There are 4 protein chains.
Amino acid sequence: MHQIALVGAGRIGAIHAGNVARHPRLKLACIVDASEDAAQSLAAATGAKACSLAEAIADNSVKGAIIASSTDTHLEFSIMAAKSGKAVFCEKPIDLCLEKVSNSASLFADADTAFLLGFNRRFDPNFMKLRSQLQNGAVGKIETIHITSHDPAPPPLSYIPKSGGLFRDMTIHDFDMARWLTGEEFIEVFAQGACLIDKRIEDHGDIDTAKILLKTASGRMVFISNSRRSGYGYDQRIEVFGSEGRIAAGNMYETTVEHWSQGGRNADKPLEFFLERYATAYESEIAHFADILDRSCKPSVTYDDGYKALLIGEAAIRSWKEKSPISISNA
Amino acid sequence: MHQIALVGAGRIGAIHAGNVARHPRLKLACIVDASEDAAQSLAAATGAKACSLAEAIADNSVKGAIIASSTDTHLEFSIMAAKSGKAVFCEKPIDLCLEKVSNSASLFADADTAFLLGFNRRFDPNFMKLRSQLQNGAVGKIETIHITSHDPAPPPLSYIPKSGGLFRDMTIHDFDMARWLTGEEFIEVFAQGACLIDKRIEDHGDIDTAKILLKTASGRMVFISNSRRSGYGYDQRIEVFGSEGRIAAGNMYETTVEHWSQGGRNADKPLEFFLERYATAYESEIAHFADILDRSCKPSVTYDDGYKALLIGEAAIRSWKEKSPISISNA
Amino acid sequence: MHQIALVGAGRIGAIHAGNVARHPRLKLACIVDASEDAAQSLAAATGAKACSLAEAIADNSVKGAIIASSTDTHLEFSIMAAKSGKAVFCEKPIDLCLEKVSNSASLFADADTAFLLGFNRRFDPNFMKLRSQLQNGAVGKIETIHITSHDPAPPPLSYIPKSGGLFRDMTIHDFDMARWLTGEEFIEVFAQGACLIDKRIEDHGDIDTAKILLKTASGRMVFISNSRRSGYGYDQRIEVFGSEGRIAAGNMYETTVEHWSQGGRNADKPLEFFLERYATAYESEIAHFADILDRSCKPSVTYDDGYKALLIGEAAIRSWKEKSPISISNA
Amino acid sequence: MHQIALVGAGRIGAIHAGNVARHPRLKLACIVDASEDAAQSLAAATGAKACSLAEAIADNSVKGAIIASSTDTHLEFSIMAAKSGKAVFCEKPIDLCLEKVSNSASLFADADTAFLLGFNRRFDPNFMKLRSQLQNGAVGKIETIHITSHDPAPPPLSYIPKSGGLFRDMTIHDFDMARWLTGEEFIEVFAQGACLIDKRIEDHGDIDTAKILLKTASGRMVFISNSRRSGYGYDQRIEVFGSEGRIAAGNMYETTVEHWSQGGRNADKPLEFFLERYATAYESEIAHFADILDRSCKPSVTYDDGYKALLIGEAAIRSWKEKSPISISNA
């Protein structure tokens, strides 16, 4: 059993706490949170103990740290945990500042430092099968990809200023999926954005709707659609087009129940949001972290993946602001 | 161009008239109906002339007769047309009386007498593909079949007494599908019936809902579900189970439009009734009749097919009344 | 935390062990099995201890017993557990002998005896939503139901003689679903059976394929289709037809991935078997057992439900053997 | 009966000929083609006569002209027909040269000149229902649209140089759909293009794959995906996202047959190409032309619609070549 410290007892922290508690080879040892009450409460529910960050870091029996605290602390806490010899599972994003991420890259490039980034979609069974089918040549040579990624409803307005903006906060997942599925880096991005849902988001200098085009050196093209509000649950679909056809992964639904009446055929809307849609992905992420702690495999999502996705995000922001396609330097 | 006489200018007659008029190798010469007005009106719309039955029969330039008159005249008019040397396309059923059908069988067994029975479902593209896939071994050895055949709404109550009852009127199509798909005769039927929709149907000694089980000598089993009212359009589905899987044909819809909202995913209900669902089948039936007139093929639905379906119907009625499975003698 | 004893460390026992181990309000205290090795091995994997049945029964700190041993011991072990004051969760069937089940009914009719029967399908989210929608009037008045329940592949031949036969072993689940969904008892059954898959099953006096029709006093009709081999995974579908439409629950799939190519559109086959399809149902069953132990609710599946389903099964066997519909006395 | 002249006896001309011949209020009087053989042959098949363009234009009994000749003659022949007082149904595009189209606009702006442009997709029942639902507020306020429009396979290489290029030849339909569905003009286009399928297309200065983003003054965004080769038939889908949900129209299939086996669930691929997918649309187009000849309605697709779509196409070409978003002046 590997002893695990969880830093951050919020919504996503609670998910990880539950999955660690249920995992047969992991033990949730301690929980850290800026709010001692939050830490105590989650600790009580999961059989862990609440403690300070310093205590958690100093505890050498703790072999893995899950960093699920507020975004601005991800990098600092990851560095502390890594320096104390713990394997790190860090929620995305590493940081909102590209320069800061770049500056610490060398630390996490060290082969002895286990660092797993929480791009949860890579662990979704649908997208995993999509990718494995692609790698088996299901569509021949990959040509283009369409990613639809619409949230059910906008976050609280107070979240907008600290989100880093739509491209760093939301599209970053899609940039990662695009890189993961094509297996090729992007050299150019063009981003259109608009505030169509809530004009107060515009007041914060942000947008709520975006359409983005990416291009690789070999001419492959990826289209990403983002919206902060779908009106029908969480819309998470990917289509890949290639020389021999198309492969796609669709939304998930709570049940298969279908009702036929004079009003037509009616079925469930997509699962409401990420906690529901990616429940299995979060479990698999923790299972992968356990494997990393076992030293049976390397982290499948690296620090560099986080850096590269943020790099595209920075270029997308410039493209949107300058109304022009922007080159991405992956050097 | 083959000259065609249409006998019967009602709803199904009008469908056939339109399809004959549009067919490049057929010419709708004349239309006969007990109501001269009905004949005149349909003739005017299709460029044909109205005439009496005697005139139509006597006209030797007329090579084919479509019998779409009232059920009780199907057999008599078919015999008249056949005796005058015309190819006959007769709407189902041949007659509601098994003995009468049996008595005239020898006339239509004659290889020189072209007789096509209007079991329209055999011409539906979905069921045609289903059968051709079965014959190509899509499910290995056929074991069992489920047929769902529900009307959108009951017919006018006045139709019930002259319908011959649910089994002769409605299930007859399903009995034919069952024979056509299994390619084997049935030796036993068990029929459950009930009046669940409109109790006035029971007053006429009929039922509006039925579940029927058929069995072949080799042990294959077919289930048929009938209802006079679906509440969501015309429900016409067939599932075939075999040693290597399942193949099924589903309903058809007016459009592919799908609406996603807080209320779920909504799409069209099935096409309303047989005129819509089997529009293509009616066209193909007429095209097949043209091929018969060209002598390029034999009728694919024979007088004997009509007799055999009725034979099962008679046994089903006995089964329902006697509450017991009934043997079917195909001798 | 309620201490739980598990009796039976086989395939289904292991499922329950895992679900108890993961449940926050249950503790898997001990595991009993005729094979001490099996008990030891499962105990090691779940943090429980292996012990004898006598020890488990005698341990008053154990408040609940899960009976997942071989079918012929279900009733005896349930009685022992109940008499020692434990809440009982017994796998289906209670027993293969209707008389034995009847003889012990009074013991479990006692309001103080908590007895939950493992009709797992009642806990499937699809069927639960189906039923709750029916109760909300989704299809108006329920008229008829079609249940398709096909296994992926036949069990080992050695299982057949001790299975109780297809109707007691397999259809029993469908009889329970039929009762649960209609909310009305059945007064008649007609069962057709055949050995179409493996003739050696016939040598054991059993069948591998069946079509069953049930009828209630009010005329409602239920059709059940069973096959020991689908050729495409576990086929578990229910359709309900009523005065205002149709509602149906379909199969579940591992992923939503769809592949389009010259060969058509291809998607996953249904989940392979009950362990996969009903994984969530098994979890919910254990959660319900925890609620029963909390005394926060009554068992939703009773001893009488097991008796009634077996009663229909007995009548179905007679119907199949006597080739005649058989009355069911629910007195 | 309105007498119709058909100019152009090629593939699309033959479709129109058949639909005119079958229409109850139209009569196909004469057929003109640069190849007299082609004209004769189609005339023989449809009961029309072959004649010269001059004869057709001079024939005052001919009230409508269908221009389905080669693209470079569309405008000239349309002008000739219009000046002789005939109603004109002109295949798309009006011309590949924007300036020429602009120069003749005044002629067709005249209210007495009936001119219908053959943007067939506007007559597809799926897209018609999509639009009518949008107009009924199905998704609230329209925000963004995704159009997928992929051909099954590239045209003969010889067609490429005279096609006008992908944007004028293929995307022009999608530009029209975008205008028709949003009901708002576009002010900017950004087009990415690549030659991913056949490098010989690049040798002609053209591309075979494109992703295009459009923007309206109010911030609405439309994404269009084009490919000259899908590998699975004709892919024609539209999704519309709005303030209250999503509405989409999908592909059409030859049958509803679904096959389940160890290899998964398999169904038809989309209909092969435009002749199959838009068969109903072509019929409805002709029916609309008949209504125009009856003076019962105005043309629903105008000369200006053809001009506006071409205008976007020109901007798209510039965007692709200059690798920059391009403003569209709708003045």
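Within segment A:49-63, identify whether any single residue is of a type outside the set (D, E, K, R) and closer than 25 Å to A:Y278 by Cα, and answer yes or no. Walk me through it before giving the result.
Quick first cut of segment A:49-63, residues of a type outside the set (D, E, K, R) only: A:50-54, A:56-58, A:60-62.
Those still in the list that are closer than 25 Å to A:Y278 by Cα too: none.
The answer is no; no qualifying residue exists.
Among the residues of segment D:1-28, what is the count of those that are assigned to a strand (DSSP E or B), aliphatic (A, V, I, L, M) and either in contact with a Ser or Thr (Cβ under 8 Å, 6 or more places away or on another chain) or over 18 Å from D:A82 (Cβ atoms) (or both)?
Taking segment D:1-28 as the starting set, the residues that turn out to be assigned to a strand (DSSP E or B) are D:2-7, D:26-28.
Subset that is aliphatic (A, V, I, L, M): D:4-7, D:26, D:28.
Then keep just the ones that are either in contact with a Ser or Thr (Cβ under 8 Å, 6 or more places away or on another chain) or over 18 Å from D:A82 (Cβ atoms) (or both); that gives D:7, D:26, D:28.
Selection size over segment D:1-28: 3.
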Please verify whether segment C:122-139 includes one or more residues that are in contact with a strand residue (DSSP E or B) (Cβ under 8 Å, 6 or more places away or on another chain) and on the phi > 0 side of the Ramachandran plot.
no
Of these, D:I286, D:I317, which one is under 21 Å from the mean Cα position of the chain (by Cα) and under 15 Å from D:D124 (Cα atoms)?
D:I286
Of (1) closer than 23 Å to B:I292 by Cα; (2) assigned by TED's automatic domain parsing to the domain that holds B:S243; (3) in a strand (DSSP E or B), B:T148 satisfies all except one. Which?
(1)
Return the only residue of A:D208, A:D294 being surrounded by 24 or more Cβ atoms within 10 Å (Cβ to Cβ), of a type outside the set (V, I, T) and away from chain C (no Cβ under 14 Å).
A:D208
Whether any residue in segment C:277-295 is free of Cβ contacts under 8 Å to residues at least 12 places away in the same chain, within 23 Å of C:A17 (Cα to Cα) and either touching a helix residue (DSSP H, G or I) at 6+ places or on another chain (Cβ under 6 Å) or of a type outside the set (A, V, I, L, M) (or both) is what I want to check.
yes
Are any of the residues in segment B:163-179 without any contact (Cβ under 8 Å) to a residue 12 or more places away in the chain and hydroxyl-bearing (S, T, Y)?
no
What is the number of the single condition among (1) crowded, with 19+ Cβ neighbours inside 10 Å; (2) closer than 22 Å to A:K129 by Cβ that C:V301 does not meet?
(2)
Please verify whether D:M221 is touching a residue at least 12 places away in the same chain (Cβ under 8 Å), in the same structural domain as D:Q133 (by TED's automatic domain parsing) and within 18 Å of the chain's Cα centre (by Cα), treating the condition exactly as stated.
no
Hey, does segment D:111-119 have a residue that's over 22 Å from D:C30 (Cα atoms) and surrounded by fewer than 21 Cβ atoms within 10 Å (Cβ to Cβ)?
yes
Under the condition of being in contact (Cβ under 8 Å) with a residue 40 or more places away in the chain and assigned to a loop (DSSP other than H, G, I, E, B), which residue from segment B:299-331 is farthest from the other protein chains (Cβ to nearest Cβ)?
B:T302
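Where in segment A:211-268 are the strands (runs of 3 or more DSSP E), entirely inside, with at least 1 residues that are surrounded by fewer than 23 Cβ atoms within 10 Å (Cβ to Cβ) and more than 9 Å from chain C (Cβ to nearest Cβ)? Spell out the reasoning first.
Details: elements: A:221-227, A:235-242, A:245-249, A:258-261, A:264-267.
Ranges flagged: A:235-242, A:264-267.
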For segment C:66-82, indicate whether the set of residues that are within 30 Å of A:V20 (Cβ to Cβ), of a type in the set (A, V, I, L, M, F, W, C) and modelled with pLDDT of 95 or more is non-empty.
yes
Residue set C:K92, C:K100, C:K86; condition surrounded by fewer than 24 Cβ atoms within 10 Å (Cβ to Cβ) and more than 17 Å from the chain's Cα centre (by Cα); output residue C:K100
Hey, can you tell me all the residues within segment C:146-184 that are closer than 18 Å to C:A217 by Cα and more than 14 Å from chain A (Cβ to nearest Cβ)?
C:F175, C:D176, C:M177, C:A178, C:R179, C:W180, C:T182, C:G183, C:E184
For segment A:182-202, how many residues meet the condition of being part of a loop (DSSP other than H, G, I, E, B) and surrounded by 22 or more Cβ atoms within 10 Å (Cβ to Cβ)?
1
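Rundown of residues vs (1) of a type in the set (F, W, Y); (2) at pLDDT below 95, yes/no style:
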| site | (1), (2) |
| --- | --- |
| A:R265 | no, no |
| A:F289 | yes, no |
| A:C297 | no, yes |
| A:D304 | no, no |
| A:A309 | no, no |
| A:A315 | no, no |
| A:S319 | no, no |
| A:P325 | no, no |
| A:A331 | no, yes |
A careful count of residues in segment B:124-145 that are buried (at least 21 other Cβ atoms within 10 Å of the Cβ), more than 9 Å from chain D (Cβ to nearest Cβ) and polar (S, T, N, Q) gives 1
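Report yes if A:D33 is over 23 Å from A:I292 (Cβ atoms), in the same structural domain as A:C90 (by TED's automatic domain parsing), of a type outside the set (K, R) and surrounded by 20 or more Cβ atoms within 10 Å (Cβ to Cβ), otherwise no. Give the derivation first.
Numbers: over 23 Å from A:I292 (Cβ atoms): yes; in the same structural domain as A:C90 (by TED's automatic domain parsing): yes; of a type outside the set (K, R): yes; surrounded by 20 or more Cβ atoms within 10 Å (Cβ to Cβ): yes.
Yes.
The values are calculated or read from the model by the stated rules, or taken from the named source; none is laboratory data. These numbers were taken from a predicted model, which means no experiment stands behind them. In this analysis, Cβ positions are derived from the backbone assuming ideal geometry, glycine residues included, and neighbour counts consider all displayed protein chains.
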